[in-house]
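Participant: After the structure tokens below, expect a handful of questions from me.
What follows draws every value from the coordinates through simple rules; no lab data is involved. Just so it is clear, the model here is predicted, and its values are computed rather than measured. Ideal geometry is used to build each Cβ from the backbone, glycine not excepted, and the neighbour counts take in all protein chains shown.
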Amino acid sequence: MDASPTLEPGLPTREAALEAARASTLLSPRFYSTDYAAMDRLDLGPLRAEWDALLAEYEGDNNHDHFQRDEGFAAEIRELPPELSVEFKHFLVSSLTSEFSGCVLYNEIKKRAANPDIKALMGYMARDESRHANFLNMALKDYGLGVDLGALKRTKAYTYFKPKYIYYATYLSEKIGYARYITIYRQLERHPDKRFHPIFKWFERWCNDEFRHGESFALLMRSQPQLLRGPNLLWIRFFLLAVYATMYVRDHMRPQLHQAMGLQADDYDFEVFRITSEISRQVFPISLDTEHPAFRAGLARLHRIALRMEAAKAQGGLGGRLRQAGCALAGAATFARLYLRPVRRHALPVQIRLAPAW
Ligand SMILES: [Fe+2]
Ligand SMILES: [Fe+2]
């Protein structure tokens, strides 16, 4: 299959990279704020043994020496074809933004929380995310595109989410982050000739951090069973679809990146959904039927609408604005149809914790 050209603009300067990280669009990673006092009222009592075992793992810090470059790193950085280079830099910026988003949120909760369980957990997770963000930023600096993280923290817009939305959204983004990193790592383990940048070699131990972060939110939610039943299932369904759809459209805007790794964006995304759905059964009693042809067709339609939206933006003027409004309506209707599709239901397992076995 021929690769279609990249849709993202070049990132010629550090300022352009910062601008891309600050962008607030439907597809870009966000920064969050929440009701910190409400988080203090969490009670991990019923899951004390699992919780203490998890905190002991964080304390053990088995990745403390992982996020350092080895001697061969620099020598493995090669020049990339122009379109791949643009997509890869955007991939680094959006990965950096989501890693740093976690860092900012977890740090803020740690600072403001009084509950010692929450304070300890958030401190450990902020530690991990700051390592991840800095490691990505080093890769951007190689291209002269290091992002000023202080400026990003001060100037990016924050989205307020109630704590329960933070749990659903952050749990999913941690687990999908794990599934994304491990799927890339396994593919390049099988095809080392397609490893076009050394950073991918770090993904295996890296994604175990994300897996553990997800485990933390799984325990938090399982300790509050009301979050996982009744009307809240409608929210879970919403977040599952929002996270999957965003990832699908964003990945399909970067065809070269996946092709360079020997993956089709479609195969990659559905493998990531399969892994994420399998994992999320530990906490969500419903999952989306991502293999269903109608589900796949709906996502493909969302991608086509996003392409038309880009073209309408580029067109400008009144005609462009009208076409953009039309695309927004078509996008919302497609999302609603996907939302109303039947879901799979399952009982929650007694044993909550999982191992990163993919
Ligand atoms: Fe991370
Ligand atoms: Fe994480």
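Participant: Rounded, prolate or oblate: which one fits the stretch 77-190, using the alpha carbon gyration tensor with axes a ≥ b ≥ c (rounded when a/c is under 1.5, else prolate when a/b beats b/c, else oblate)?
Facilitator: prolate
Participant: Report the GluC sites (Glu not before Pro) located in the stretch 276-333 that are in a DSSP loop and have at most 13 other Cβ atoms inside 10 Å of their Cβ, or state none.
Facilitator: Listed in order of number, the matching sites are E291.
Participant: Could you sort out which of K201/K313; K175/K313; K89/K175; K111/K162 sit more than 27 Å apart by Cα distance in this structure?
Facilitator: The pairs that break the limit, which is 27 Å between Cα atoms, are K201/K313; K175/K313.
Participant: Further, regarding this structure: Tell me the label-point distance for the pair H64, A314, using the 7 Å Cα-to-Cβ offset, in nm and rounded to one decimal.
Facilitator: The answer from the label model is 5.1 nm.
Participant: Using the eigenvalues of the Cα gyration tensor, what equivalent ellipsoid semi-axes result for the stretch 266-330 when each is taken as the square root of five times the eigenvalue, whole Å, largest first?
Facilitator: 33, 12, 10
Participant: Right, another one. Quick check: pseudo-label points 7 Å beyond the Cα along Cα→Cβ at R78 and H346, how many nm apart are they?
Facilitator: Result for the modelled spin labels: 4.1 nm.
Participant: State the three equivalent ellipsoid semi-axes of the stretch 226-350, derived from the C-alpha gyration tensor as the square roots of 5 times its eigenvalues, in descending order and whole Å.
Facilitator: 30, 19, 10
Participant: Go through the stretch 223-238 residue by residue and turn each phi into a ³J(HN,Hα) via Karplus (6.51, -1.76, 1.60, θ = phi - 60°); whole Hz please, and just put x for glycine and proline.
Facilitator: 6, 10, x, 5, 6, 10, 8, x, x, 5, 4, 5, 5, 4, 4, 4
Participant: Could you please state, rounded to a whole Å, how far the C-alpha centre of the stretch 110-127 is from the C-alpha centre of the stretch 273-302?
Facilitator: Between the Cα centre of the stretch 110-127 and that of the stretch 273-302, the gap is 32 Å.
Participant: Hey, could you grab the Kirkwood Rh for the stretch 198-241? Inverse mean 1/r over distinct alpha carbon pairs, Å, one decimal.
Facilitator: Kirkwood hydrodynamic radius for the stretch 198-241: 12.4 Å.
Participant: Reported to two decimal places, what Rg/Rh ratio describes the stretch 115-165 when computed on Cα atoms with Rh from the Kirkwood expression?
Facilitator: 1.08
Participant: Decide, for the stretch 22-79, between rounded, prolate and oblate: order the square roots of the alpha carbon gyration tensor eigenvalues as a ≥ b ≥ c, take rounded if a/c falls under 1.5, and otherwise choose prolate if a/b is larger than b/c, else oblate.
Facilitator: oblate
Participant: If eta is 0.890 mPa s and T is 25 °C, what Stokes-Einstein diffusion coefficient results for the chain, Kirkwood Rh from Cα pairs, in µm²/s? The partial results should precede the final answer.
Facilitator: Numbers: Rh = 21.3 Å.
This corresponds to a translational diffusion coefficient of 115 µm²/s.
Participant: I've got another one for you. Applying the Karplus parametrisation 6.51 cos²θ - 1.76 cosθ + 1.60 with θ = phi - 60° to the phi angles of the stretch 86-93, what ³J(HN,Hα) value in whole Hz is obtained for each residue in order, glycine and proline being reported as x?
Facilitator: 4, 5, 5, 5, 5, 4, 5, 5
Participant: In nanometres, what is the gap between the two model label sites at E57 and T159, each 7 Å from Cα along Cα-to-Cβ?
Facilitator: That separation, rounded to one decimal, is 2.7 nm.
Participant: Amide H neighbours of S33 under 5 Å, counting only residues 5+ apart in sequence or on other chains, H built in-plane at 1.01 Å?
Facilitator: When sequence neighbours closer than 5 places are left aside, the close amide H contacts are T159, Y160, F161.
Participant: While we're looking at this one, here's another question. In whole Hz, what ³J(HN,Hα) sequence does the stretch 13-18 give by Karplus (6.51, -1.76, 1.60; θ = phi - 60°), x for Gly and Pro?
Facilitator: 9, 4, 5, 5, 5, 4
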